[in-house]
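What follows is one structure encoded as structure tokens, with my remarks underneath.
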Amino acid sequence: MDQYGKIFVVVAVLAVILVGIFGYLFYLDRKIGKLEKEVEDKLSKNKI
């Protein structure tokens, strides 16, 4: 494999890693958002 082919492998591996990281961050953001909403709902119910 020449240099030209190796760079595509490196770019592909980095792209997969970045997509995985961004996917995980998106998942965490949604999970944290749901937890924040649950906490807000419980706090608002306790005030009444």
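Every number here is computed from the coordinates shown, using simple stated rules; none is lab data. Being a predicted model, the structure only gives us computed values, none of them experimental. Virtual Cβ from ideal backbone geometry, glycine too; neighbours counted across all protein chains shown.
Structure values in brief
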{"item": "The chain - charge dipole about Cα centre, Lys and Arg +1 at Cβ, Asp and Glu -1, debye rounded to 20", "result": "280"}
{"item": "Note, ³J(HN,Hα) from phi for the range 31-40, Karplus 6.51, -1.76, 1.60, rounded to Hz, x at Gly and Pro", "result": "5, 5, x, 5, 5, 4, 5, 4, 5, 4"}
{"item": "Listed residues VAL10, GLY20, SER44: farthest to the positive end of the dipole of the chain (Cβ charges)", "result": "SER44"}
{"item": "Cα-based Lys proximity count in the chain, under 18 Å, for pairs eight or more positions apart or on separate chains", "result": "5"}
{"item": "Cα shape, the chain, gyration tensor, a/c 1.5 rule", "result": "prolate"}
